């Protein structure tokens with residue numbers, strides 16, 4: 001991802017949206033995280049959706065930071081990869097903190 005300036009002079013997309021929605025299904029409380037990008041034709045395209053529970057939320061700030069970095073310095077695929085990578089780390093973090 002080499003670049004001459006902080007922001008691309010020819011962006012592949014124009015906007016980034018990270019949405020967190022709290023739900024309370026019968027199985028217990030959960031947060032739904034949705035990552036969207038604004039395309040050149042001004043439509044929001046969902047690129048990632050995940051569900052977060054418990055201590056997974058310890059990495060919510062990492063999700064915001066890494067998705068933003070991928071948005072500024074990479075392409076659409078980098079955005080998807082960054083979100084998926086954080087979710088994997090959050091799930092691993094939750095497993096290490098499970099109470100038996």
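The values are calculated or read from the model by the stated rules, or taken from the named source; none is laboratory data. Source: prediction; values computed, not measured. Quick reminder, even Gly has a Cβ in these numbers, built from the backbone with ideal geometry, and neighbours come from all protein chains shown.
Observations on the model:
- Residues in region 31-44 that are without any contact (Cβ under 8 Å) to a residue 24 or more places away in the chain and touching a strand residue (DSSP E or B) at 6+ places or on another chain (Cβ under 6 Å): 32, 34, 36.
- Residue pairs meeting the criteria (Cβ under 6 Å; at least 6 apart or on separate chains; first closer than 12 Å to residue 37 by Cβ, in region 60-72; second modelled with pLDDT of 95 or more and surrounded by 19 or more Cβ atoms within 10 Å (Cβ to Cβ)): 67/35; 67/82; 67/83; 70/82
- Complete set of residues in region 56-80 that are touching a helix residue (DSSP H, G or I) at 6+ places or on another chain (Cβ under 8 Å) and exposed (fewer than 15 other Cβ atoms within 10 Å of the Cβ): 58, 69
Residues checked against (1) touching a helix residue (DSSP H, G or I) at 6+ places or on another chain (Cβ under 6 Å); (2) modelled with pLDDT under 95; (3) surrounded by 15 or more Cβ atoms within 10 Å (Cβ to Cβ):
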site	(1), (2), (3)
5	no, yes, no
10	no, yes, no
32	no, no, no
36	no, no, yes
86	yes, no, yes
99	no, yes, no
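- The criterion of being modelled with pLDDT of 95 or more, part of a strand (DSSP E or B), within 9 Å of the chain's Cα centre (by Cα) and loosely packed, with under 15 Cβ neighbours inside 10 Å holds for residue 49.
- Matching residues, region 46-55, being on the phi < 0 side of the Ramachandran plot and touching a helix residue (DSSP H, G or I) at 6+ places or on another chain (Cβ under 8 Å): 47, 48, 50, 52, 53, 55
- Scope region 58-75; condition over 12 Å from the mean Cα position of the chain (by Cα) and in a helix (DSSP H, G or I); matching residues: 58, 72, 73
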